[in-house]
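The values are calculated or read from the model by the stated rules, or taken from the named source; none is laboratory data. Remember, predicted model here, so these are calculated numbers, not experimental data. Note: ideal-geometry Cβ built from the backbone for every residue, glycine included; neighbour counts use all protein chains shown. Heads up: the accessible areas ignore ligands, DNA and RNA and are worked out on the full protein's heavy atoms, side chains in. Shrake-Rupley method; radii C 1.70, N 1.55, O 1.52, S 1.80 Å.
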Amino acid sequence: VRRKGEYQNECYYIIMGLRQDYRREIIALETMPTESSTGWQMVLESIKERGVKTVGLVVSDNLKGLDKAVANVFTKTPHQLCVVHLQRNLRALVREKDKKELSEDIRWILSPDDANNNMGKARNRIKEIAHKWRSYKTLVTKIKQTNWEMYLTYLRYDRRVRRMIYTTNWIERFNKSARRTLKIRGAMPSEESAIALITSVGIDKGKKKYNYPIYNFKFEPKLTKGS
């Protein structure tokens with residue numbers, strides 16, 4: 001984006017919402033030069049001012065301070081951190097030949113499709129994995145220091161929606177489409193021009209892919225209207 005005669009990368013804040021009719025929609029698109037928890041709190045406050053009264057669940061990455069920003073705006077709203085980001089961070093702490101096995105162990109902890117998996121079972125599995133990989137002290141320390149409660153929030157929901165709420169894949173795919181559109185045009189002359197292009201991607205998806213309801217959410221009473 002061009003500012004003061006110079007082109008530099010900037011941050012665009014995007015929030016995707018699942019509406020009460022189970023359709024997805026881009027509900028916020030704002031720009032600030034850099035990403036921060038303060039910036040996210042401002043964006044969250046803006047959608048609250050526009051009329052969003054309650055949020056059933058927030059799904060995000062683990063940006064420092066973001067959990068507090070969410071709690072400041074939407075008090076007591078459940079918060080799910082992206083498990084893909086967690087897996088990537090843990091895999092970085094073992095040798096290349098051990099990455100596949102560690103990934104399998106992490107998937108065993110998560111087990112989103114297992115209706116019997118719950119917080120208690122997941123915690124026990126975490127202890128077993130920490131013991132198994134005890135030769136990697138840095139990894140074990142990371143496992144013990146991780147706020148697993150926020151990564152396992154999805155286990156409090158119906159099995160049929162878990163895979164849709166335990167990662168940030170939905171918004172990541174949208175971001176990928178937006179970046180592709182921006183890349184074709186190259187450098188943008190202003191922040192308004194970048195917003196216009198990203199908005200066009202949101203409108204296009206709203207008319208097509210996002211226009212179809214995701215009815216699996218009707219099985220989860222905690223995420224239905226009036227809950």
**Asked** Exactly one of (1) outside any helix (DSSP H, G or I); (2) open to solvent by 10 Å² or more (accessible area, probe 1.4 Å) is unmet by residue 117. Its number?
**Response** (2)
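From the residues in region 70-79 that are touching an Asp or Glu at 6+ places or on another chain (Cβ under 9 Å) and closer than 22 Å to residue 31 by Cβ, which one is least open to solvent (accessible area, probe 1.4 Å)?
Here is the first cut: in region 70-79, the residues touching an Asp or Glu at 6+ places or on another chain (Cβ under 9 Å) are 72-73, 79.
Subsequent filtering for residues that are closer than 22 Å to residue 31 by Cβ retains 72-73.
Working: 72: 104, 73: 7 Å².
Once the filter is applied, the top-ranked residue is 73.
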**Fill in**
Residue hits (region 56-90; assigned to a helix (DSSP H, G or I) and under 17 Å from residue 166 (Cβ atoms)) are 66, 67, 70, 83, 84, 85, 86, 87, 88, 89, 90
**Request:** Could you tell me which numbered condition residue 173 fails, if it satisfies all but one of (1) over 18 Å from the mean Cα position of the chain (by Cα); (2) closer than 30 Å to residue 197 by Cβ?
**Result:** (1)
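Considering only region 51-60, how many residues are touching a helix residue (DSSP H, G or I) at 6+ places or on another chain (Cβ under 8 Å) and open to solvent by less than 50 Å² (accessible area, probe 1.4 Å)? Write out each step before concluding.
Our first condition is that a residue be touching a helix residue (DSSP H, G or I) at 6+ places or on another chain (Cβ under 8 Å); within region 51-60, this holds for 56-60.
The next check asks that each one be open to solvent by less than 50 Å² (accessible area, probe 1.4 Å); those that pass are 56-58, 60.
The total comes to 4.
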**Message:** Filter region 1-55 down to the residues that are part of a loop (DSSP other than H, G, I, E, B), small (Gly, Ala, Ser) and modelled with pLDDT of 90 or more and list them by number.
**Reply:** 36, 51
**Request:** Give the residues of region 129-157 that are within 16 Å of residue 85 (Cα to Cα) and free of Cβ contacts under 8 Å to residues at least 60 places away in the same chain, sorted by residue number.
**Result:** 139, 142, 143, 145, 148, 149, 152
**Selection within region 94-114 - more than 18 Å from residue 83 (Cβ to Cβ) and surrounded by fewer than 11 Cβ atoms within 10 Å (Cβ to Cβ)** = 95, 96, 97
**Item:** In region 172-199, the residues that are under 18 Å from residue 33 (Cβ atoms) and among the charged types (D, E, K, R)
**Value:** 179, 191, 192
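Quick check on my filter: what residues within region 35-50 are among the hydrophobic types (A, V, I, L, M, F, W, C) and open to solvent by less than 90 Å² (accessible area, probe 1.4 Å)? Can you show your working first?
Within region 35-50, the subset among the hydrophobic types (A, V, I, L, M, F, W, C) is 40, 42-44, 47.
Across region 35-50, the qualifying residues are 40, 43, 44, 47.
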**Message:** Step by step: first the residues of region 140-154, then only those that are out of contact with any strand residue (DSSP E or B) (no Cβ under 6 Å at 6 or more places or on another chain), in a helix (DSSP H, G or I) and β-branched (Val, Ile, Thr), then the one that is surrounded by the most Cβ atoms within 10 Å (Cβ to Cβ). Which residue is that?
**Reply:** 143
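Restricting attention to region 125-139, report how many residues are under 21 Å from residue 159 (Cβ atoms) and either open to solvent by 90 Å² or more (accessible area, probe 1.4 Å) or of a type in the set (Lys, Arg) (or both). Reasoning before the result, please.
At the first step, the residues of region 125-139 found to be under 21 Å from residue 159 (Cβ atoms) are 125-126.
Now drop any that are not either open to solvent by 90 Å² or more (accessible area, probe 1.4 Å) or of a type in the set (Lys, Arg) (or both), which leaves 125.
Number satisfying all stated conditions: 1.
Here's the yes/no breakdown for (1) at negative phi; (2) touching an Asp or Glu at 6+ places or on another chain (Cβ under 7 Å):
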{"position": "19", "(1), (2)": "yes, yes"}
{"position": "23", "(1), (2)": "yes, no"}
{"position": "27", "(1), (2)": "yes, no"}
{"position": "30", "(1), (2)": "yes, no"}
{"position": "33", "(1), (2)": "yes, yes"}
{"position": "40", "(1), (2)": "yes, no"}
{"position": "51", "(1), (2)": "no, no"}
{"position": "56", "(1), (2)": "yes, no"}
{"position": "59", "(1), (2)": "yes, no"}
**Request:** State which residue is farthest from residue 17 (Cα to Cα) when the search covers only region 188-217 and only residues that are buried (at least 16 other Cβ atoms within 10 Å of the Cβ) and small (Gly, Ala, Ser).
**Result:** 194
**Request:** Among the numbered conditions (1) within 19 Å of the chain's Cα centre (by Cα); (2) free of Cβ contacts under 8 Å to residues at least 60 places away in the same chain, tell me where residue 126 comes up short.
**Result:** (1)
**Fill in**
Within region 166-197, the residues that are touching a Phe, Trp or Tyr at 6+ places or on another chain (Cβ under 7 Å) and farther than 15 Å from residue 9 by Cα are 166
